[in-house]
1. With every protein chain present, what is the per residue accessible area of the range 75-193 (1.4 Å probe, Å²)?
2. Solvent-accessible area per residue for the range 194-277 at a 1.4 Å probe radius, Å²?
3. For Lys93, which aspartates and glutamates qualify as cross-link partners when the Cα separation must be under 13 Å and same-chain residues fewer than eight apart are set aside?
4. Kyte-Doolittle mean at least 0.5 and Cα extent at least 18 Å along the axis: which DSSP H helices of the chain qualify?
5. Can you list the trypsin sites (Lys or Arg not before Pro) in the range 32-128 that are in a DSSP coil and have 13 or fewer other beta carbons within 10 angstrom?
6. Report, to the nearest whole %, how much of the accessible area of the range 41-109 belongs to carbon and sulfur atoms, 1.4 Å probe, protein only.
7. Determine the alpha carbon to alpha carbon distance for each of Lys238/Lys277; Lys118/Lys275; Lys39/Lys94; Lys155/Lys181 and list only those over 30 Å.
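The values are calculated or read from the model by the stated rules, or taken from the named source; none is laboratory data. This is a predicted model, so every value here is computed, not measured. FYI the Cβ positions are ideal-geometry reconstructions off the backbone, even for glycines, and counts take in every protein chain you see. Ligands, DNA and RNA are stripped out before the accessible areas are found, and what is left, the full protein with its side chains, is counted by its heavy atoms. Shrake-Rupley method; radii C 1.70, N 1.55, O 1.52, S 1.80 Å.
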Amino acid sequence: MPETIVIIYLIYIFIALYFLFLFTLNFLQNRKEIFSIPKTDRDYSLSIVIPCYNEEDSIEGTIEAVLNLDYKGLKKIFVVDDCSTDNSYDIIKKLEGKYPQVVALKTPKNTGNAGGAKNYGMKFVDTELIGFTDADSYPDSNAVSSMVGFFDDKKVGAVTTRILVRNKNNFLGKMQAIEYKVIAFTRKLLEFLDSIYVTPGPLVLYRKSALSKIEGFDSKNMTEDIEATWHLIHDGYKVRMSFISKVTTVAPDTLKKWFTQRIRWNIGGYQTILKYKHCFFRKGILG
């Protein structure tokens, strides 16, 4: 038994040191490129879809933040209410009457997950790019304009951004704020290895033709954003990240909510691994 514990410990230490050296060397080699973004003269047409379920406290602020984006190519903001039981849809309809860019949509019945609401909103989009923002997330005004240049590369199917915690009013929020900063930094380093494995919901842009090719999101997966990323990589697309752009999001403020979120992340991750296990050591993160 003691020998087994020692072996497990040594394996753990080896993996930890391996990734420490991998990320360190990767950073040293690419440190000058972390904040760089491709310049583009094109104004890609863009629509943004905001899936919403019982977000009456935040949906108006999210829509206002998207309206304040400085990107000239933004055509429409489709806000998809997934049959909320609170006042979310009333707020969305009010903003639709106030702003011509806002379109209020409601699913015929509750889809039960963000992937279903995203797929419903996607049906109404006919622009070159399609973006998604969670109903409790707030993009910076220059977030999108710092992302679109990556799409000049025809092989790029998705672009993600730096996600930071908005609510840091207790110990849990402050710890997650540190965690999210580390995740954002390591995700950018993974880009240099062609190994970004998720395009999180707070803000992401997709090439519409690429997302249509993979038939949108897998609504059976608990982490549809991870599955969509792996699907794009499987089909030969690249995934990039703009470290300059930023979006803040509301993180879980209680241990129960945090635990539920992490269980969902892990189950969805395992679902994706099982679905794409045939790609291991061939493409993307395990390539």
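1. 44 Å²
2. Per-residue accessible area for the range 194-277 comes out at 45 Å².
3. The qualifying aspartates and glutamates are Glu56, Glu60, Asp81.
4. The qualifying helices are 2-30.
5. Here the sparse-neighbourhood loop sites are Lys39, Arg42, Lys72, Lys109, Lys123.
6. Solvent-exposed carbon and sulfur of the range 41-109 make up 45 percent of the total.
7. Flagged as over cut-off: Lys39/Lys94.
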